[in-house]
Amino acid sequence: MPDDAVAVVGAGLAGCLLGTLLGRRGIPVTLYERRPDPRLTGAERGRSINLAVSARGLDALERVGLRDQALARALPMHGRMIHPVEGRRSFRPYSADGRRAINSISRAELNHALLDATEVTDGVALRFEHRLTHLDLDKGRLRFETPAGTAEHRARVFLACDGSYSAARRAVTFRQGFDFSQDYLEHGYKELTVPARDGEFALDPDALHIWPRGSAMMIALPNLDRSFTCTLFWPKEEMGGLHADREIIDFFRARYPDVVELIPALADDFRHNPVGSLVTVRCRPWVHDGDTATLALVGDAAHAIVPFFGQGANCAFEDCLEIDRCLSETRGDWRAALASYEQRRKANCDTIADLALENFVEMRDRVNSPVFRAKTAAQHALERRLPGHYVSRYELVSFTTMPYAEIPGRMRRQNVATAAFAGAVAAAGAALLRRVRRRGSHRADVP
């Protein structure tokens with residue numbers, strides 16, 4: 001076994017990006033994936049939530065030469081289109097100038113592109129249909145179930161990129177000192193599809209569509225085939241209580257009346273597409289040493305977040321870049337690099353997990369509030385008048401690569417500064433008004 005042999009568990013988005021980055025460093029890497037090759041089998045029904053790739057994800061894809069390819073297969077969304085139960089739709093741009101956009105990208109297509117990049121990288125091997133059943137850090141050994149039976153492999157470094165329900169993470173879950181939590185929302189999600197209408201988009205493709213309904217909502221993102229992938233977020237108990245076609249149609253007519261005619265297979269999709277769970281995973285430490293090998297948790301295996309800020313993949317990609325950066329700084333010292341990776345990323349990932357939960361409340365409820373609309377308009381006005389000095393939270397998260405953990409502090413400083421500026425302007429205005437009144441009074445005394 002080479003001293004620098006690396007095993008990446010999981011060949012999803014993060015695993016492929018990380019494998020490619022490491023392979024380009026000349027590090028021998030093997031990626032193990034429990035599924036068959038998805039380029040041959042296709043995506044699972046109802047499990048294709050589109051990605052909203054923004055600045056952080058594009059920065060990562062640039063490092064492996066996939067940015068332009070990804071954007072060529074993406075649809076930009078410059079704002080939110082709000083669908084009320086009654087009344088007209090309204091468009092809300094994401095940025096003050098209306099120019100910036102997040103990008104709707106097929107998760108499956110991006111995974112395929114990353115797999116292709118990984119496959120042609122020297123020193124990187126892909127092993128599909130390898131389901132991890134045991135990980136031993138003391139012996140540096142992995143055991144898998146495969147179509148041909150049990151297989152064992154060895155490595156010095158294990159990188160767990162196998163998602164929220166990570167099998168690799170289970171190897172350390174009950175270690176002394178390991179803190180772990182899974183927080184589930186009461187809401188589940190179910191996917192539906194708005195097909196193309198007469199070969200064209202049935203909704204505006206330049207927007208992320210939102211149907212906010214207080215305690216629940218539905219969103220829709222455009223696809224290149226001119227369809228939309230809709231995701232319904234609703235309390236699981238209510239979602240599971242609908243069975244007959246008429247019940248389902250009546251449910252949507254009451255809550256989402258404008259989409260009923262846009263989804264011909266509505267009742268069938270609702271009945272047969274699975275209900276997914278929404279979980280936030282927090283744990284610590286991310287890095288674990290054994291006698292022979294080291295394990296590091298990456299992406300959702302370390303910090304799964306809910307999808308309401310569109311940052312899950314973007315955040316996981318940043319993990320991969322940080323590991324690559326730390327390896328450069330430590331000249332390939334894995335233990336030092338992984339220690340730095342965790343130290344730098346933990347606070348950032350905790351912050352975006354909190355922001356994603358907050359954004360769920362905003363999307364399902366506050367976007368319809370006149371107060372929220374006025375606040376957003378005021379923020380955009382400040383951004384236009386104070387470019388570079390005032391930037392909204394949404395723009396800092398989606399259109400910059402500022403570390404997530406720095407954003408709340410930046411917002412507090414901005415708000416204090418703008419409040420002080422507004423106070424100074426108000427005081428100056430009041431002083432000017434007093435002077436004007438005094439002059440008027442003086443003139444009135446002149447005979």
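The values are calculated or read from the model by the stated rules, or taken from the named source; none is laboratory data. Being a predicted model, the structure only gives us computed values, none of them experimental. All Cβ positions, glycine included, derive from the backbone under ideal geometry; neighbour counts span all protein chains shown. Surface accessibility is based on the protein's heavy atoms, side chains included, excluding ligands, DNA and RNA. Shrake-Rupley method; radii C 1.70, N 1.55, O 1.52, S 1.80 Å.
A few notes on this one:
- Relative to the longest principal axis of the Cα atoms of the chain, helix 245-255 runs at roughly 40 degrees.
- Prolate/oblate/rounded label for region 128-245 (Cα gyration tensor, a/c 1.5): prolate
- Three-way shape call for region 203-351 based on the alpha-carbon gyration tensor, with the a/c threshold at 1.5: prolate
- Lysines whose Cα lies under 30 Å from that of Lys236, excluding same-chain neighbours fewer than 8 positions away: Lys190
- Surface composition of region 66-184: carbon plus sulfur atoms contribute 44% of the solvent-accessible area (1.4 Å probe, protein chains only, all chains present).
- Furthest towards positive pole of dipole, His209, Tyr165, Pro195, structure part region 160-248, Cβ charges: Tyr165
- Relative protection proxy for 115-125, 323-333, 207-217, from highest mean packing down: 207-217, 115-125, 323-333 (other beta-carbon atoms within 10 angstrom).
- With the simple model of a label 7 Å out from the Cα in the direction of the Cβ, Ala125 to Leu40 spans 1.7 nm.
- Efficiency of FRET from Cβ geometry, Tyr165 and Asp68, R₀ 25 Å, rounded to 0.05: 0.15
- Taking a straight line from the alpha carbon of Lys139, these aspartates and glutamates sit under 16 Å away, with near neighbours fewer than eight places off in the same chain left out: Asp3, Asp4, Glu152, Asp289, Asp291.
- In the chain, the calculated helix contribution to ellipticity at 222 nm averages -12500 deg cm²/dmol per residue, counting -39,500 (n - 2.57) for every DSSP H run with n ≥ 4.
- Among Gly276, Gly57, Gly299, residue whose mean-square fluctuation peaks in a GNM of the chain (springs only between Cα atoms under 10 Å): Gly276
- The label point for Ala148 and the one for Glu238, both projected 7 Å from the Cα toward the Cβ, are 5.2 nm apart.
- Positive-end ranking of Gly240, His272, Leu295 along the dipole of region 236-328, with charges on Cβ about the Cα centre, is headed by Gly240.
- Summary of the geometry: region 246-318 and region 52-117, compared by the centres of their Cα atoms, lie 17 Å apart.
- Probing with 1.4 Å while keeping every protein chain in the model, the per residue accessible area of the chain equals 47 Å².
- The Cβ shell under 11 Å around Ser181 holds other residues with a net charge of 0, Lys and Arg each +1, Asp and Glu each -1.
- Among (i) 28.2; (ii) 21.0; (iii) 22.5, the entry that matches mean projected area of the Cα convex hull in nm² as calculated here: (i)
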